[in-house]
Amino acid sequence: MATIHKIGRRKCAVARVYVTEGSGKVTVNKKEMAVYFPTATLQYKVMQPMSMTNNAENFDVKVNVTGGGTTGQAEAVRMALSRAMCEVDAENRSILKPEGLLTRDPRMVERKKFGQKKARKRFQFSKR
């Protein structure tokens, strides 16, 4: 099996995932996954597509992720891994699709407007 390369995005984060056959080692930006994503929630999000398809110990994963915050990056990695698992085996699509792991989340930060404090918050209105 050759290396599978997939891209996942979430908010401003972009994750490039390279999946090869191996022992289940996950490297994110040349660091171990547990070091880069310290909380259990983020680690669960990253490993969700692998564990749902029972491939956690079958593949080595190298990830390059940039932009955004830690949660956005973890979800971008999750989407890229989901796409890779679908390419490994077409039957994985029926497992991942109902969980919403193959759907790109379009929600982005709303821009700040001029004459306002933030995107929606206004300056205090004075009647007199």
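Would you point out the residue of the stretch 35-59, among those that are assigned to a helix (DSSP H, G or I), over 13 Å from the mean Cα position of the chain (by Cα) and at pLDDT 95 or above, that is surrounded by the most Cβ atoms within 10 Å (Cβ to Cβ)?
In this case the residue turns out to be Y36.
Output the residues belonging to the stretch 75-104 that are in contact with a Ser or Thr (Cβ under 6 Å, 6 or more places away or on another chain) and within 12 Å of M47 (Cα to Cα).
Answer for the stretch 75-104, where residues must be in contact with a Ser or Thr (Cβ under 6 Å, 6 or more places away or on another chain) and within 12 Å of M47 (Cα to Cα): M85, L101.
Tell me which residues, restricted to the stretch 63-77, are part of a helix (DSSP H, G or I) and buried (at least 24 other Cβ atoms within 10 Å of the Cβ).
Answer for the stretch 63-77, where residues must be part of a helix (DSSP H, G or I) and buried (at least 24 other Cβ atoms within 10 Å of the Cβ): Q73, A74, A76, V77.
May I ask you to list the residues in the stretch 67-88 that are among the acidic types (D, E) and more than 8 Å from the chain's Cα centre (by Cα)?
Hit for the stretch 67-88 is E87, nothing else.
Identify, please: which residue in the stretch 3-34 is within 17 Å of F59 (Cα to Cα) and touching a Ser or Thr at 6+ places or on another chain (Cβ under 8 Å) and is, among those, surrounded by the fewest Cβ atoms within 10 Å (Cβ to Cβ)?
If we take residues in the stretch 3-34 being within 17 Å of F59 (Cα to Cα) and touching a Ser or Thr at 6+ places or on another chain (Cβ under 8 Å), then T3 is surrounded by the fewest Cβ atoms within 10 Å (Cβ to Cβ).
Which condition number does Q73 fail, the rest of (1) at pLDDT below 95; (2) under 23 Å from T3 (Cβ atoms) being met?
Status for Q73: all satisfied but (1).
Residues of the stretch 9-28 being in contact with a helix residue (DSSP H, G or I) (Cβ under 8 Å, 6 or more places away or on another chain) and part of a strand (DSSP E or B), which ones?
Hits for the stretch 9-28 are R9, R10, A13, V14, A15, R16, V17, V19, V26, T27, V28.
Where the second residue is aromatic (F, W, Y) and surrounded by 14 or more Cβ atoms within 10 Å (Cβ to Cβ) and the first is closer than 14 Å to R16 by Cα and lies in the stretch 56-71, which pairs have Cβ atoms under 8 Å and are six or more apart or on separate chains?
V61/Y18; K62/Y18; V63/Y18
From the list R104, R120, R128, which one is touching a helix residue (DSSP H, G or I) at 6+ places or on another chain (Cβ under 9 Å) and either buried (at least 19 other Cβ atoms within 10 Å of the Cβ) or part of a loop (DSSP other than H, G, I, E, B) (or both)?
R104
Against the condition out of contact with any strand residue (DSSP E or B) (no Cβ under 8 Å at 6 or more places or on another chain) and under 26 Å from S94 (Cβ atoms), how does E21 come out, does it pass?
The answer is no for E21.
Pick from K62, K117, K112: which is under 23 Å from I7 (Cβ atoms), at pLDDT 95 or above and of a type in the set (K, R)?
Matching residue, one of K62, K117, K112: K62.
For R93, indicate whether it is charged (D, E, K, R), farther than 17 Å from M1 by Cβ, more than 15 Å from the chain's Cα centre (by Cα) and surrounded by 12 or more Cβ atoms within 10 Å (Cβ to Cβ).
yes
The values are calculated or read from the model by the stated rules, or taken from the named source; none is laboratory data. This is a predicted model, so every value here is computed, not measured. For neighbour counting, all protein chains shown are included, and Cβ atoms are generated from backbone atoms with ideal geometry for every residue, glycine included.
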